[in-house]
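The values are calculated or read from the model by the stated rules, or taken from the named source; none is laboratory data. Please read all numbers here as calculations on a predicted model, not as lab measurements. Note that each Cβ is placed from the backbone with ideal geometry, even for glycine, and that neighbours are counted across all protein chains shown.
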Amino acid sequence: MRSFAEYNPIAVTLYFILVTGVTMFVSDPIFTAVSFLGAVLFTLMRGGEGQLKRHIFSLILFFITALVNPLVSHNGVTVLFFINDNPITLEAVIYGCFNALMIVTVLYWFSAFSGIMDSDKLLYVFGAFSPKVALVLSMALRYIPLFSERQKRVRSAQTAVGLYKDGNVPDRVRGGVRVFSIMTTWALEKGIVTADSMSARGYGQGRRSRFTPFRFYFCDFLLIIISVIATAVSVWLTADHKFVFYPALQFPSVTVTNLLGYAAYGTLVLFPVINDLKEEIRWRYLRSKI
Amino acid sequence: MEILKVEDLSFCYPGEKEPVLKDISFSVAEGEFLCLSGATGCGKSTLLRLLKKELSPKGDRSGRILISGENIDDLDSAEKIGFVMQSPDEQIVTDTVWHELAFGLENIGMKREKIALRIAEIASYFGMSAWYDKKTSELSGGQKQMLNLAAVMAMSPDILILDEPTSQLDPIAASEFISTVKKLNRELSLTVIITEHRLEEVIPVSDRIMIMKDRGIAHLGSPRDIVSRVGDSPEILASMPSAAQLYHAVDGEGQCPLDVREGKRFIETGFRADHTALTSEKYTHSEEKALEFKQVFFRYAKETQDVLDSLSLTVYSGEAYFILGGNGSGKTTALGAASGLLKPYSGSIRVFEKKLKEYKNNSLYSGCLALLPQEVETLFLSNTVREELIDAYEEAKMLPIDVDTLLDKHPYDLSGGEKQLIALAKVLSQKPRILLLDEPTKGIDAVSKQRLAEVLRLLKKNGITVVAVTHDVDFAAMCADRCAMFFRGRVVAENTVREFFSDNSFYTTPINRMTRGYYSGAVTVSDCVELCRLNGVRDGAAV
Amino acid sequence: MTVIKSKPLREIFKILIPFILIPFSVVIGAIISPERSYLYVSLAVTLLSLLLFISGFDRKQTGTRRMVISAVMTALCVIGRFIPVFKPITAITVITGVYIGGESGFLVGAVSAFISNFFSGQGPWTPFQMLGWGIIGLLSGMLSRPLKKNRWLIVTFGTVMGMLYSFIMDVWTVLWGGGFSAELYLAAIVTAIPHTVIYSVSNMIFLIILAKPFGEKLERIKLKYGI
């Protein structure tokens, strides 16, 4: 067994697509709330730096998006008060909150996803459907630190031959352009060496195979199966449960079948948290024996 | 058994009238270590590229190239022939070490399980397991070049071609690289064809040497044989080991020495030692301080270690001061600090007795101080040499090359040595009184090195102070007035050049090692020649 | 696609499809279901057309050197910012498209968008940005012949493309905010005016400064190394 981040990246990607897909596509506050809970719990559990900033950002974003809707949308029958003769309605406020929650939730999931997927994993997923784009991506990722380093060296070399003499803004821009231009020539000319090095090692001659450090284990298949089934079941069982915001709020009562559907989605969004908790406990136990 | 056979090969680049290669024929046996040498522009790189189908330049080719008896055109040579080039950085394709190792194997469509096994083998053989998961950008230059070699070897080629593989490496990484290649050659019976600027390391491990000249093969044979025959062409001799240069300079006869051990025997059995030292004038310097460091501390980031650790040194006006030392000893950092690019957190740096801070608005860089960076390409902005030299034509005219023939070329199309000199001209157009050089001999051939030494002598004559950072002890011995040894961010030894190298046991020139305990104070070939002449041939010795 | 014989026509169709399909699906979605579904339909279409483009490239033979140059240009897009904050993605994508070809232009635009979002944050907008910049690159490649002739034509084209790009992205911001309305869109555009102006101006400056030297550099590389 592994922590959620160690699952096969394709399985992880599919999981994220399905979870965020349901959050975005299904217009149902219960789904959004459940998904929000899962996303926040998972983020808290993974910890890491910049956590607090992330939560504060989400809070601010939530309030801003929640506020915008009632200000511009005057649908709805329950008027709360007027601003500049424009009615602010309860329905619009509630819809705004719901929509804001959805956005915040999706962003939580995205940030959790980017946190898990390092460049190796992304390239693996990319390579699965387009090896060529994956290779360009891999080369670009290799060039970025190389060029940044180069840019620094060009900048020092140019400073020492008297660039940036005046120190004012046009001089700085001119200097920046010069540095960038020199670096571009360098990058393009040396890029040919990379191309030669690729050809010398047989690139473009025949059918490429693919080597990755990732494998599919049984639990990866399990994750894929769980994700697909849970998504299908939850969407299917709740299909008759429709929330209506405009013109007036209508919250139909939740049937037992609906409840099962929400439970299925709940299991899905909580999967990473449960999995990692289990791993943590197991690891503590194992470590206690060392 | 012959693994490679070249028959009457001629080659002409499109648009050129004269061919670069003409009627070249030779063959290489399996498991042979062949070293290819010749002046810059003699066509050795073209020849190497013609041997590797994927890299063959476009142009008119005649003659045949046979690999294991098969014509190269009918053959997929990606697997059979490995090719390693100069630059450690640009040859790397992907962003991680493991992916780089797997890259070639993926290209030939090898099965996943086999790739896993092969790269495990290669990583173990090259001792790379510890950095298997690293990003390629985090490796050192030496590690990068080793990775390039490993990535090529992963495809288990029959022939390995190396085009100046160590020219961008420091001496320690370079010698490690060459010994790894030799190990592959010995343990796997791998056929190796190599070109190099520095032959000191390569000649002793080569089976045969091929010297190219005038578009063809001038000499081909065993190292000893060839080295004793190149006395008549100074540009080829310049790249030879010091012992061989000495042998030719004193018109030696008999067996030509190739390394320090043989050189020592050659001197001691051939020449008397009545005068053990050269009479040299006592070194005097001017009183004006051109550059002064006083207890300078510097680190790149708060959490890291000090790179300059209470560094103090003084360079006097008009002298050539060379800083030597291993990687990470703070040499280049000191140069950065001296040129005001890096700001120390404590201590003071003065240029011509004025604090760096007092040079307002970068006035330091006009008429006072100039820095020639390690990568001279960082100075080239234009599409032609002519445009590059707009403000520096006067300086360029002074250089020992014919600038006018280069004017219409693109700076990137110049040879390493030419680039170096053009960049130097640009830097000199700032009319500096003190010139800082960062690894000026990196990647240039022996002849260019001599030219550069000439330029530095000329500059000194014009009263310009030179401060250089280098790994190249031979070059330092040739040009310096005083040398300093850096270790862990400070100067551990400082002396005039002869005394400096005579006091060192390891970090010194091959000539000094050869004459150790026999003559004293000999550091360059010409020192030794002078001493030999002074003492005369030992009675009955065959010199 | 193979039904259409003429290559330029095929290219035009390739671009028209996402351009027509996305607004079309948004409208249809809006008619059929009043809530957010049009947004998602458009997201699905975007993803699909990205997939189509990319898999199309994958089957084509691209020279190794062309691929390396695409990677180089992509890396330059990501790190090249000498006017703080604003990246020259549009400018470099246009230049790549014009001088190296539409295919490389698309690749550079799309991959740059993807990579630079690693620094500024991935989100559901990533596919839109990828497609947006990708298409700018592709269009530049198709119009390369006239654009190459005149520097100011490239500058104008690039600047207009950059502005169009931000206007279209604003539509999406509005959709995301809860539903499309003209007022909201106008509000979004108005609040974004300073941003759009700086962006367009910096884009124009990039192009004025970069178009010629980049063109020369790329032409030299093409000539010297036979691309």
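Residues that are polar (S, T, N, Q) and facing another protein chain (nearest Cβ under 7 Å) were ranked within the stretch A:159-190; the one that is farthest from residue C:73 (Cα to Cα) is A:159.
Before we move on, is residue B:171 over 23 Å from residue B:245 (Cβ atoms) and not hydroxyl-bearing (Ser, Thr, Tyr)? Write out each step before concluding.
Numbers: over 23 Å from residue B:245 (Cβ atoms): no; not hydroxyl-bearing (Ser, Thr, Tyr): yes.
So residue B:171 fails the test.
Filtering the stretch B:413-424 to residues that are away from chain A (no Cβ under 12 Å) and either free of Cβ contacts under 8 Å to residues at least 24 places away in the same chain or among the small types (Gly, Ala, Ser) (or both) leaves B:415, B:416, B:417. The single condition among (1) surrounded by fewer than 24 Cβ atoms within 10 Å (Cβ to Cβ); (2) part of a loop (DSSP other than H, G, I, E, B) that residue B:62 does not meet is (2).
Listed by first and then second residue, the pairs linking a residue in the stretch B:276-291 that is farther than 12 Å from residue B:498 by Cα to a residue that is surrounded by 14 or more Cβ atoms within 10 Å (Cβ to Cβ) and of a type in the set (D, E, K, R), with Cβ atoms under 6 Å apart and 6 or more places separating them unless they lie on different chains, are B:285/B:319.
One line per residue, one yes/no per condition, for (1) more than 25 Å from the chain's Cα centre (by Cα); (2) closer than 21 Å to residue B:87 by Cβ; (3) surrounded by fewer than 18 Cβ atoms within 10 Å (Cβ to Cβ):
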position	(1), (2), (3)
B:109	yes, no, yes
B:114	yes, no, yes
B:118	yes, no, no
B:121	yes, no, yes
B:130	yes, no, yes
B:139	no, yes, no
B:147	no, yes, no
B:150	no, yes, no
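Screening the candidates B:102, B:78 for the property of being modelled with pLDDT of 90 or more and of a type outside the set (Phe, Trp, Tyr) yields one hit, B:102.
Taking the stretch C:9-105 as the region of interest, the helices (runs of 4 or more DSSP H) fully inside it that hold 2 or more residues being of a type in the set (S, T, N, Q), modelled with pLDDT under 75 and farther than 22 Å from residue C:158 by Cα are C:37-59. Considered as a group, the residues in the stretch B:28-84 that are hydroxyl-bearing (Ser, Thr, Tyr) and under 28 Å from the mean Cα position of the chain (by Cα) include one that is farthest from the other protein chains (Cβ to nearest Cβ), and that residue is B:37.
Of note, residue A:127 does not satisfy the criterion of being within 7 Å of chain C (Cβ to nearest Cβ) and part of a helix (DSSP H, G or I). Total residues in the stretch A:77-112 satisfying the condition of being surrounded by fewer than 21 Cβ atoms within 10 Å (Cβ to Cβ), of a type outside the set (A, V, I, L, M) and touching a Leu at 6+ places or on another chain (Cβ under 9 Å): the figure is 3. When the residues of the stretch C:96-114 are filtered to those that are β-branched (Val, Ile, Thr) and facing another protein chain (nearest Cβ under 10 Å), the one that is surrounded by the most Cβ atoms within 10 Å (Cβ to Cβ) is C:108.
Do any helices (runs of 4 or more DSSP H) lying entirely in the stretch B:400-517 carry at least 3 residues that are modelled with pLDDT of 90 or more, closer than 30 Å to residue B:365 by Cβ and touching a strand residue (DSSP E or B) at 6+ places or on another chain (Cβ under 9 Å), and which ones are they?
Details: elements: B:416-428, B:446-461, B:473-479, B:497-503, B:510-515.
Result: B:416-428, B:446-461, B:473-479.
Only a single criterion out of (1) in contact with a helix residue (DSSP H, G or I) (Cβ under 9 Å, 6 or more places away or on another chain); (2) under 30 Å from residue B:502 (Cα atoms); (3) of a type outside the set (Phe, Trp, Tyr) is not satisfied by residue B:458, namely (1). Kindly check whether there is at least one residue in the stretch C:162-174 that is within 18 Å of residue C:89 (Cα to Cα), assigned to a helix (DSSP H, G or I), of a type outside the set (Phe, Trp, Tyr) and touching a Lys or Arg at 6+ places or on another chain (Cβ under 8 Å). No, every residue in the stretch C:162-174 fails to be within 18 Å of residue C:89 (Cα to Cα), assigned to a helix (DSSP H, G or I), of a type outside the set (Phe, Trp, Tyr) and touching a Lys or Arg at 6+ places or on another chain (Cβ under 8 Å). Checking the structure you have, find out if any residue of the stretch A:195-215 is of a type in the set (Val, Ile, Thr), modelled with pLDDT under 90 and buried (at least 19 other Cβ atoms within 10 Å of the Cβ). Checked the stretch A:195-215: at least one residue is of a type in the set (Val, Ile, Thr), modelled with pLDDT under 90 and buried (at least 19 other Cβ atoms within 10 Å of the Cβ).
Residue A:171 falls short on exactly one of the conditions (1) within 36 Å of the chain's Cα centre (by Cα); (2) among the charged types (D, E, K, R); (3) more than 21 Å from residue B:343 (Cα to Cα), and that condition is (1).
Can you find even one residue in the stretch B:358-379 that is touching a residue at least 40 places away in the same chain (Cβ under 8 Å), of a type in the set (A, V, I, L, M, F, W, C) and farther than 30 Å from residue B:295 by Cβ? Checking the stretch B:358-379: at least one residue is touching a residue at least 40 places away in the same chain (Cβ under 8 Å), of a type in the set (A, V, I, L, M, F, W, C) and farther than 30 Å from residue B:295 by Cβ. Filtering the stretch C:115-161 to residues that are within 14 Å of chain A (Cβ to nearest Cβ), touching a residue at least 40 places away in the same chain (Cβ under 8 Å) and not in a helix (DSSP H, G or I) leaves C:124, C:125. Identify all residues within the stretch C:162-198 that are under 18 Å from the mean Cα position of the chain (by Cα), at pLDDT 75 or above and among the β-branched types (Val, Ile, Thr); write none if there are none. Within the stretch C:162-198, C:168, C:196 qualify. Of the residues making up the stretch B:198-210, at least one is of a type in the set (A, V, I, L, M, F, W, C), surrounded by 23 or more Cβ atoms within 10 Å (Cβ to Cβ) and part of a strand (DSSP E or B). Looking only at the stretch B:382-391, decide whether some residue is modelled with pLDDT of 90 or more and under 27 Å from residue B:166 (Cβ atoms). No, the stretch B:382-391 contains no residue that is modelled with pLDDT of 90 or more and under 27 Å from residue B:166 (Cβ atoms). Every residue in the stretch B:341-373 that is facing chain A (nearest Cβ under 8 Å) and part of a loop (DSSP other than H, G, I, E, B), please. The answer is B:341, B:366, B:373.
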